[in-house]
Amino acid sequence: MTPTEPECPAGPEEQQNGGTTRYGLAERITGALVGAAVGDALGGRVHGIVGPWHGDAWRTAGPLTRYHKGDGHVTDDTLMTHALVRVYAQVRDHLDAYAIAGHLVPDLMTNPRWIPELEAETLPPHRLFPAEKWLVARLAYDHADPREAGVGNIVNCGAAMYMAPVGLVNAADPAAAYAEALDVAGAHQASYGREAAGVLAAAVAAAMSPGASADSVVTACPPPAKDGTREAIEKVCEVARGHRVFESALRPLRAAVAPYDTVGPDYRASSLVARRPSRLHAIEELPIALGMLLVSGGNHRHAVLGAVNYGRDCDSIATIAGALAGALGSPFPEDWAKTVAEASRLGLWAPARSLTEVTREIFARDVRRRRAHERACTALGGTACSD
């Protein structure tokens, strides 16, 4: 797939979020995956694609900053999302923590990929943040139980940032998406980091429902969300409903999420309680992304721009916001997507086609499993769904 290949042909249309949007399965999966990559690639305090953060000195600008950020380069958020799509393409069914151990980790360890921020082809773990390297250490070298391997990792958005495919595969079924994502994320995260992955998948699944809106997506999140994650989403979204432009929402949203965020006001100098397990706290990225979805009314461009201009872990916030807006059917700016695909040397549309095909297979298999269950329950004297 060439970087400039157009998105999937438009499917049926409906009025949503104040405008006409494409709402077919293929279009929404494309919107979510490409839209997430676009959000991931934007810079800080911007209105579009920006140049490199450190100019020509990006390799030596500071400790551990050998990454060529900017210029439309995606980060590990997109690399991990595409890796999870490849696992679905291999398994062709619902995933669990064992699929992460048996497929995703070997893929990361043995298949060199083009890493845009390194401008080189290498194994993905050479780019991954230590919280994602944890997957390789725990599952490949420590031989940990995949369902519990996330325990002990720093608690962050590492699992949530690439969990959108789980929501897409479970389109319009937030409860199933939440349960599957919790299982998948158990190999990577614990506590509120794992919870955020489940809630993000549920939100994406809710966004895939016919007639969904930004408000219905946010409303679907509190039911499965637990503890601090639930409270953080409720408080942030309560504030977000009072704003219609992201510029006025930036400080109020930060103030709303601050009591639940363990990192503290200085993102580069984390507090002593930062990223430790807790039932009272939440990752910052998911509530803020949901808040920006509300502020923008589900519009992709405005949701990701709000997320990026919020600052802090802005690439992950924009990745999540872009996935949610795309799943709703809001079109991503095609010029941005083409720039990102060309700059990152990634086929952004191919993973969407692959996941669409797999999603249809999984849905057909789910129907057959459900019908078999119905027949078994009926034979036992239960009540058939058709009654």
For the stretch 166-194, enumerate the residues that are open to solvent by 20 Å² or more (accessible area, probe 1.4 Å) and of a type in the set (D, E, K, R). D173, D183, R194
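A quick yes/no check of all residues on (1) without any contact (Cβ under 8 Å) to a residue 60 or more places away in the chain; (2) over 25 Å from R251 (Cα atoms):
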| site | (1), (2) |
| --- | --- |
| R301 | yes, no |
| G306 | no, no |
| R312 | yes, no |
| A318 | no, no |
| A341 | no, yes |
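Specify the residue that is surrounded by the fewest Cβ atoms within 10 Å (Cβ to Cβ); the eligible residues are those in the stretch 89-103 that are out of contact with any His (no Cβ under 8 Å at 6 or more places or on another chain) and part of a helix (DSSP H, G or I). If you could, list the steps in order and put the result at the bottom.
We begin by selecting, within the stretch 89-103, every residue out of contact with any His (no Cβ under 8 Å at 6 or more places or on another chain); these are 89, 92-99, 101-103.
Pick out the ones that are also part of a helix (DSSP H, G or I) and you get 89, 97-99, 101-103.
Values: A89: 14, A97: 22, Y98: 16, A99: 21, A101: 21, G102: 17, H103: 19.
So the residue we want is A89.
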Checking R254 against (1) in contact with a Leu (Cβ under 9 Å, 6 or more places away or on another chain); (2) modelled with pLDDT of 95 or more, which single condition isn't satisfied? (1)
Only one residue in A341, A321, A352, A337 is closer than 30 Å to T262 by Cα and crowded, with 19+ Cβ neighbours inside 10 Å. Which one? A321
Checked the stretch 196-221 for anything open to solvent by less than 20 Å² (accessible area, probe 1.4 Å) and more than 21 Å from E27 (Cα to Cα); matches are A196, A197, G198, V199, V218, C221
Go through (1) more than 19 Å from the chain's Cα centre (by Cα); (2) under 17 Å from S296 (Cα atoms); (3) in contact (Cβ under 8 Å) with a residue 24 or more places away in the chain and name the single condition D227 misses. (2)
Restricted to the stretch 236-266, and to residues that are touching a His at 6+ places or on another chain (Cβ under 9 Å) and not hydrophobic (A, V, I, L, M, F, W, C), which residue is nearest to I283 (Cα to Cα)? D261
With the checklist (1) at pLDDT 95 or above; (2) crowded, with 24+ Cβ neighbours inside 10 Å; (3) not aliphatic (A, V, I, L, M) in hand, flag the one item R279 doesn't pass. (2)
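The values are calculated or read from the model by the stated rules, or taken from the named source; none is laboratory data. All values reported here derive from a predicted model rather than from experimental measurement. With ideal geometry, Cβ positions are generated from the backbone for all residues, glycine too; neighbour counts draw on all protein chains shown. We work out accessible area using only protein heavy atoms, side chains counted, and drop any ligands, DNA or RNA first. Shrake-Rupley method; radii C 1.70, N 1.55, O 1.52, S 1.80 Å.
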